[in-house]
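Visitor: Starting off with a structure, shown below.
None of the figures in this text is laboratory data; all of them are computed from the coordinates on show. Given the structure is predicted, the values throughout are model-derived calculations rather than measurements. No Cβ is skipped: glycine too gets one built from the backbone with ideal geometry, and neighbour counts run over all protein chains shown.
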Amino acid sequence: MSAADGIAQAFVNQGSDICFGVPGGGPNLELVGAFRRRGMRFVLAHGETSACIMASAYGHIRGHVAPAVVTRGPGAASAVNGAAQATLDRFPLALFTDTVPTAHANRVPHQRIDQRAMFEPVSKVSSTVGANSTSEQVSDLVQQAQSSPQGAVHLNYDSTAQFMKVEPSSRHDVSSNNDASSQRGASSNNGVSQDPLAATRLVSESVNPVVICGLDATRGGIELRNALIEFGAPVLTTYQAIGVVPTEHDVCAGLFTNGESERRLLEQADLVIAVGLDPVEPIPAPWGYDAPVLSFASHPTVDAYMPIEVEIVGDVAELAQQYLRGEIHWTPRAGGSYRELVRTELLPTDSSDRFGAIAVVKGALESVACPRNVTVDAGAHFLAIMPFWRVDEPKRLLISNGLATMGFAVPAAIGMALARPGEAVLALVGDGGLGMTLAELETIVRLDLPITVLVFNDSALSLIEIKQQADDGSGDEAVRYTEVDFAKVADGLGVASQAVTTEVGLRRALAEPWPGPRLIDARIDPGDYRHLIRVTRG
């Protein structure tokens with residue numbers, strides 16, 4: 001068995017059925033051929049970062065690692081953002097890069113970069129697999145992508161090199177000592193108490209607890225959902241945990257970003273219970289609450305983003321079932337009432353009938369054909385989407401949160417559509433993010449995927465424009481684009497498309513069937529955004 005065949009077999013053994021990439025010839029094609037010989041489908045992308053996002057989104061949904069294959073030098077450099085997205089958003093990814101062979105490295109400087117050093121800061125492991133690599137050794141490396149916290153594993157493929165065993169990076173990996181959580185009075189490696197009796201006391205003495213669910217809570221399933229609903233306290237979710245409890249349920253109080261919109265609720269809390277909350281998720285604002293924090297986590301929290309008093313490490317669903325008991329003083333609809341209060345405050349305060357971001361979101365949500373599967377890009381438009389979108393289970397809405405990278409929604413929609421064959425997907429993207437991934441519209445057409453790309457088109461980096469200061473001198477040149485007719489561009493790439501300028505026009509477009517690729521170019525007024533950022537961020 002060749003080195004490439006051994007690598008491919010490792011992925012087949014763990015259930016992989018697809019790979020993504022932009023090959024550059026030579027060893028790249030050996031890997032692609034080995035994957036295909038074992039029945040794995042290969043999806044050709046237009047950009048290396050997009051290929052990584054497709055693979056990590058697919059793996060995030062399906063629960064196993066999908067590989068991405070790129071070439072050396074420029075291909076590897078272009079994939080860095082994709083690896084960073086996977087690692088900071090906690091999506092599993094195995095990224096293979098071609099490399100200048102070790103046997104020729106001393107005489108071939110062309111496209112020679114220290115790729116392992118380049119990927120080490122943005123991956124859990126950066127290693128080399130080669131001639132003597134076994135499928136078991138590769139499987140062990142790939143497993144690192146799935147261990148908590150999930151992330152990217154980078155592997156230089158060099159058939160002339162010997163296998164190189166590398167320990168996980170301390171930046172992105174933590175050693176979970178589950179035994180410590182059962183020891184009375186034990187402390188974690190960051191000094192936080194892991195005393196189960198202290199956790200029980202905090203819950204039993206609390207009358208107004210508030211629960212914050214983070215991305216690790218998405219693994220908790222129906223057991224965690226039922227435990228949270230039965231407990232009855234208001235539940236805030238991070239962007240990546242949206243759907244852990246249905247967004248329209250009475251206990252769901254809306255979103256937690258460590259921003260302004262959730263402040264009044266958290267100020268009423270006498271205990272904050274973090275369930276699967278990763279410190280990478282909140283915005284980097286100071287923690288401003290006096291209530292003690294109890295954390296249930298699958299692995300010890302390393303970064304002290306909030307002052308955790310007690311942390312219990314283990315299966316978050318089991319921990320919630322064990323500890324979330326007792327009487328509380330919240331009214332039965334306290335969470336839902338707070339959620340609706342915030343939604344009301346987010347609505348435009350003037351009497352304008354402008355076709356803005358809120359009107360687009362409202363029109364999409366009220367469409368009978370609106371799909372359950374949604375991807376959201378970074379940009380001002382997500383301020384309108386996230387508080388209002390209805391999500392009934394985890395991983396139905398995907399967004400880049402830990403890295404918050406633009407250019408996420410379109411390739412993530414491709415990964416999502418492939419992971420859930422036949423199900424429609426809606427990609428919600430700003431004009432800036434779409435500009436970064438326009439070529440992947442051809443990928444959607446080639447694969448004939450039922451994806452609708454809805455672009456919030458205002459010809460600007462609107463979120464950055466809001467952040468401009470009068471004295472920074474950056475001006476319009478830093479944030480404004482020429483008006484682009486994305487409908488015409490999409491048509492040239494083979495995507496059925498139309499432009500809309502009113503909410504009525506949008507509703508009419510969304511009411512049509514969703515059989516295959518299409519793009520809706522919503523020409524919006526950006527006037528909603530300043531109000532949205534005041535309510536959500538202060």
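Visitor: Through the Karplus equation 6.51 cos²θ - 1.76 cosθ + 1.60, θ set to phi - 60°, convert the phi angles of region 321-331 into ³J(HN,Hα) values in whole Hz; use x for Gly and Pro.
Guide: 5, 7, 9, 7, 9, x, 8, 10, 9, 5, 6
Visitor: Then there's this: Explain nothing, just compute: Karplus ³J(HN,Hα) = 6.51 cos²θ - 1.76 cosθ + 1.60, θ = phi - 60°, for every residue of region 147-158 in order, whole Hz, x for Gly and Pro.
Guide: Result, rounded to whole Hz: 6, 6, x, 5, x, 8, 10, 9, 10, 5, 9, 9.
Visitor: Using modelled backbone amide H atoms (1.01 Å from N, in-plane), which distant-in-sequence or interchain residues come within less than 5 Å of residue 255's amide H?
Guide: 237
Visitor: Moving on. Rounded, prolate or oblate: which fits region 250-301 when a ≥ b ≥ c are the square roots of the eigenvalues of the alpha-carbon gyration tensor, with rounded for a/c under 1.5 and prolate only if a/b beats b/c? Let's see the in-between values first.
Guide: Values: a/c = 1.42, a/b = 1.28, b/c = 1.11.
It comes out rounded by the Cα gyration axes.
Visitor: Related question: Among the GluC sites (Glu not before Pro) within region 388-461, which fall in a DSSP loop and have no more than 15 other Cβ atoms within 10 Å of their own Cβ? Intermediate values should be presented prior to the final figure.
Guide: Values: sites: 423, 440, 442; in loops: 423.
Hits after loop and neighbour filter: 423.
Visitor: Next question, about the same structure. Multiply the residue gap between residue 263 and residue 390 by 0.36 nm, knock off their C-alpha separation, and tell me the result in nm, one decimal place. It would help to have the intermediate numbers written out before the result.
Guide: On the way: separation 127, 0.36 × 127 = 45.72 nm, distance 2.18 nm.
Value of the extension gain: 43.5 nm.
Visitor: So for the chain, considering every pair of alpha-carbon atoms, how many percent are separated by more than 43 Å?
Guide: Working: 27972 of 144453 pairs.
Tail fraction, whole percent: 19.
Visitor: Counting pairs of alpha carbon atoms under 8 Å apart in space and at least six apart in sequence, what relative contact order in percent does the chain give?
Guide: This gives 13 percent for the chain.
Visitor: So for the chain, if I pair up every lysine 8 or more residues apart or on another chain, how many of those pairs have alpha-carbons under 28 Å apart? Numbers along the way, then the final one.
Guide: Details: 124/165; 124/395; 362/395; 362/467; 362/488.
So the count works out to 5.
Visitor: While we're on this one: Rounded to a whole number of µm²/s, how large is the Stokes-Einstein D of region 3-158 at 37 °C and 0.692 mPa s, given Rh as the Kirkwood radius over C-alpha pairs? Present the calculation step by step, with values, prior to reporting the outcome.
Guide: Details: Rh = 14.8 Å.
Calculated translational D: 223 µm²/s.
Visitor: On to the next question. Given the rule -39500 (n - 2.57) for each run of at least 4 DSSP H residues, summed and divided by the residues of the chain, what is its mean residue ellipticity at 222 nm, to the nearest 500 deg cm²/dmol? Walk me through the numbers on the way to the answer.
Guide: Details: 20 runs with 188 residues, N = 538.
It comes out at -10000 deg cm²/dmol, rounded to the nearest 500.
Visitor: Shifting gears a bit: For region 178-338, give me the percentage of DSSP beta bridges that are antiparallel, rounded to the nearest 5 percent.
Guide: Values: 1 of 22 bridges.
Rounded to the nearest five, the antiparallel share is 5 percent.
Visitor: Moving on. Quick query: amide H of residue 156 versus all other amide H atoms, modeled in the peptide plane; which residues come in under 5 Å with a sequence gap of 5 or more or a different chain?
Guide: Sorted by chain and number, the residues that satisfy this are 97, 127, 128, 129.
Visitor: Give the long-range amide H neighbours of residue 311: residues separated by 5 or more places, or on another chain, with amide H under 5 Å away, using H modelled in the peptide plane at 1.01 Å from N.
Guide: Amide H to amide H, under 5 Å and 5 or more residues apart or across chains, residue 311 pairs with 193, 194, 195, 295.
Visitor: For a footprinting-style exposure proxy, rank 58, 289, 239 by other Cβ within 10 Å, fewest first.
Guide: Values: 58 30, 289 15, 239 24.
In order of increasing Cβ crowding within 10 Å: 289, 239, 58.
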